[in-house]
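Heads up, the thing below is written out as structure tokens.
What follows is calculated from the coordinates using simple rules that are stated; it is not laboratory data. Computed from a predicted model, the values in this text were never measured in an experiment. Glycine gets a Cβ as well: all are built from the backbone with ideal geometry, and neighbour counts include every protein chain shown.
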């Protein structure tokens with residue numbers, strides 16, 4: 001699924017790195033706990049979250065994620081967008097709540113990747 | 001910017017100060033490390049493991065120890081990360097290594113951290129981790145990632 005389709009399904013406002021909207025992504029995850037994202041995420045490209053701070057973008061960058069969607073109309077600050085811009089991470093905001101937003105993307109065919117610990121388990 | 005020193009012909013050495021008073025800037029050393037390792041041309045999977053381990057360590061130093069120093073040694077076939085702080089030290093390392101155990105204050109959880117995954121994550125993503133700690137004096141964590 002292209003990031004532009006995500007924006008269209010969730011009726012998003014794109015706030016940063018619009019020039020990457022044509023890139024394909026294959027999976028997503030939703031979490032407000034960055035500790036869990038760092039522990040359990042595996043190759044998901046999109047992070048949906050209701051948490052708004054700079055560490056959301058940093059966490060996404062560490063996990064090689066390419067897009068952050070803020071739910072419930074949450075607006076990142078200029079500082080957060082600047083960090084995202086430097087890292088080339090697309091940032092969007094949607095009016096939908098977390099559960100709805102995840103459900104809408106899942107129903108449209110954007111899957112979760114395999115569950116379980118990231119590289120640590122088995123290092124495949 | 002990190003201080004860079006060539007230790008000898010084969011090892012690249014970088015030193016980053018981790019600011020303990022600024023949660024917003026936490027992770028800057030890891031971001032820079034990620035970029036440095038990309039330039040060196042290491043495989044993405046190894047770069048990801050180094051960056052996540054270092055990022056967790058940086059967040060820990062900011063939450064628990066008012067900052068510290070992160071040092072990076074890049075060798076031909078491995079990366080060594082040394083994190084040193086003068087914080088409170090870890091009272092019970094075995095307990096701290098358990099997933100879900102955390103001494104972080106509640107306000108840290110509202111920032112998305114403090115789930116008790118930091119140290120276990122650092123161990124999981126690296127090939128070797130040593131913790132030297134003394135209560136009241138500080139902690140030194142050495143992590144190795146083989147490339």
Residue identified as within 18 Å of the chain's Cα centre (by Cα), surrounded by fewer than 23 Cβ atoms within 10 Å (Cβ to Cβ) and touching a residue at least 40 places away in the same chain (Cβ under 8 Å) among B:67, B:118:
B:67
Of B:10, B:75, B:91, the only residue that is more than 10 Å from the chain's Cα centre (by Cα) and within 23 Å of residue B:106 (Cα to Cα) is B:91
Considering residues of region B:124-137 that are under 14 Å from the mean Cα position of the chain (by Cα) and crowded, with 17+ Cβ neighbours inside 10 Å only, the residue farthest from the other protein chains (Cβ to nearest Cβ)
B:131
Being in a helix (DSSP H, G or I) and either without any contact (Cβ under 8 Å) to a residue 24 or more places away in the chain or touching a strand residue (DSSP E or B) at 6+ places or on another chain (Cβ under 8 Å) (or both) is the filter here; which residues of region A:66-98 pass it?
A:78, A:80, A:81, A:82, A:84, A:85, A:86, A:98
Name the strands (runs of 3 or more DSSP E) wholly inside region B:5-96 in which the number of residues that are within 14 Å of chain A (Cβ to nearest Cβ) is 2 or more.
B:12-19
Contact list please: Cβ distance under 7 Å, first residue in region B:73-84 and without any contact (Cβ under 8 Å) to a residue 40 or more places away in the chain, second residue crowded, with 18+ Cβ neighbours inside 10 Å and part of a strand (DSSP E or B), pairs at least six apart or on different chains.
none
Checked against (1) assigned to a strand (DSSP E or B); (2) touching a helix residue (DSSP H, G or I) at 6+ places or on another chain (Cβ under 7 Å); (3) under 17 Å from residue B:32 (Cα atoms), residue B:141 satisfies every condition except (3)
Restricted to region B:102-121, and to residues that are facing another protein chain (nearest Cβ under 10 Å) and assigned to a helix (DSSP H, G or I), which residue is farthest from residue A:41 (Cα to Cα)?
B:108
Report yes if residue A:68 is buried (at least 24 other Cβ atoms within 10 Å of the Cβ) and either over 20 Å from residue B:26 (Cα atoms) or within 10 Å of chain B (Cβ to nearest Cβ) (or both), otherwise no.
no
How many residues are away from chain B (no Cβ under 13 Å), closer than 21 Å to residue B:47 by Cα and either assigned to a helix (DSSP H, G or I) or touching a residue at least 24 places away in the same chain (Cβ under 8 Å) (or both) if we restrict to region A:45-65?
1
List the number of the failed condition for residue A:20; all other conditions in (1) surrounded by 21 or more Cβ atoms within 10 Å (Cβ to Cβ); (2) more than 10 Å from chain B (Cβ to nearest Cβ) hold.
(1)
